[in-house]
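Participant: One structure, as structure tokens, below. Some questions next.
Bear in mind that the values in this text are calculations on the coordinates, not laboratory data. Model, not experiment: these values are computed from the prediction. Note that we place each Cβ from the backbone using ideal geometry, even for glycine, and neighbour counts take in every protein chain shown.
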Amino acid sequence: MREHIWMPSRFYKGLTLPLTYLLQTFNRFIFKLFWISIEISSLNQSLLTCGTSDAPLILYFETLCIRRVAMIGKVDLVMWAKNGERTLPQVLKRIEEAIPHENVCHKILIDDHSIDRTIEIAKSFNWNVYPNPKSGIPSGANEALRHVDREFFVSIEQDVVLAKNWWEKIPPYMQEPSIAVAGGIRVFDNKILRILSEFYSERLGRQGEMEVCIDNTIYKTKIIKALGGFPNECPICTDTILYKKINWFTSYKWVIDSTVISLHLRKGIRDQLEHSRAMADKCKRTKLCSCYHTPHFTEPKLIIKPNPKFSVSNLSLVRMLITSPIRSFQVAVNKKCPEIFFVYPLIRFYILRGYLKRSKID
Ligand SMILES: [Zn+2]
């Protein structure tokens, strides 16, 4: 008797292949969904900020990219410095620790006519030093940009010690096509100043804002060059103006990740007082300056006709100085730091001095 052996017909063969493929794809999809949901739940505490409307985008991006090794290849590092011998060794050493050597192409330092050992220290860390053709941050930043030839570049300032997790967390943002610039935040090394800046940040945070900085920041070179480089309208507000130009006038975004915290070195309170006074004195008060307290995420139409109510007038600075003891008392009690009671009014006084000097010149 002939044994009946079942052989799959051509019809069955044709059906099995696509079914297997479909099952495999479905499996992969479920697997991915499972991991994404786990990642999202673990990110609930994340403080990422990029405007309220962009939060889902950032969360999605964070989920997919942040834990991967940065795959953006080599970047150029830029720095502009002036008499930075006190902090440069610590800052440059940390850059070497935080950014893998194999991911660094050029190291470009623009020296702003330093009279100390800035150039010598930079060269000892293998940085290429070029002179600032004029002086100030916009000129230094644009001269640095002129030497950049990689797709991405990183700017770090002479008094900022990069966060150890900076490289792992910030450059992956560059993989998102809509993001042009990304950076973390920084806190002062001085305890009192740190408490004060936390107070400012909390106040800004309540308005949905973040402090903008270009001292631990990565950029897409093409976009910055297309915008005409770093803004030179004001020698002080280069960061805020660039931030507003990108977020208001282009379809790109600047992301600030507050989970990446670098250290801002200051000599002490006196150093910060002088810094506040000099900033207020040198700010040109352009419509995009940080003295116009228009929210960063406001519609661009507001900037064309800035609301004068938002600008800082000398009168409002006097008012802030007069009321500063009340505010400083609140902060001193809340933060359990009695020194704040004296320091905050002093800072307000130095800022007013700077603005009054600028008003006389104008
Ligand atoms: Zn300004």
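Participant: Skipping prolines and chain starts, which residues have an amide H placed within reach, meaning under 5 Å, of the one on Lys335, given they are 5 or more residues away or on another chain?
Facilitator: Sorted by chain and number, the residues that satisfy this come to none at all.
Participant: Would you mind classifying the stretch 154-279 by shape? Square roots of the alpha carbon gyration tensor eigenvalues, ordered a ≥ b ≥ c; an a/c under 1.5 is rounded, otherwise it is prolate if a/b is larger than b/c and oblate if not.
Facilitator: Here the stretch 154-279 falls in the prolate category.
Participant: So for the pair Phe342, His113, with labels modelled 7 Å out along Cα→Cβ, what separation do we get in nm?
Facilitator: For the pair Phe342/His113, the computed spacing is 3.6 nm.
Participant: Please report the spacing between the Cα centers of the stretch 91-156 and the stretch 222-250 in Å, no decimals.
Facilitator: First find each Cα centre; the distance between them is then 20 Å.
Participant: Let me ask something additional. Could you work out how far apart the two model spin labels at Arg319 and Ile223 are, taking each label as a point 7 Å from the Cα in the direction of the beta carbon, and quote it in nm?
Facilitator: 3.7 nm
Participant: Among 120-128, 179-187, what's the highest-first ranking by average C-beta atoms within 10 angstrom per residue?
Facilitator: 179-187, 120-128
Participant: So if I place +1 on the C-beta of Lys and Arg and -1 on the C-beta of Asp and Glu, and nothing else carries charge, what would the dipole magnitude of the stretch 63-267 be about its Cα centre? I want it in debye, nearest 20.
Facilitator: The calculation lands at about 220 debye.
Participant: Does the stretch 63-267 come out rounded, prolate or oblate by the C-alpha gyration tensor, with a ≥ b ≥ c the root eigenvalues, rounded set by a/c under 1.5 and, if not, prolate when a/b is larger than b/c and oblate if not?
Facilitator: It comes out rounded by the Cα gyration axes.
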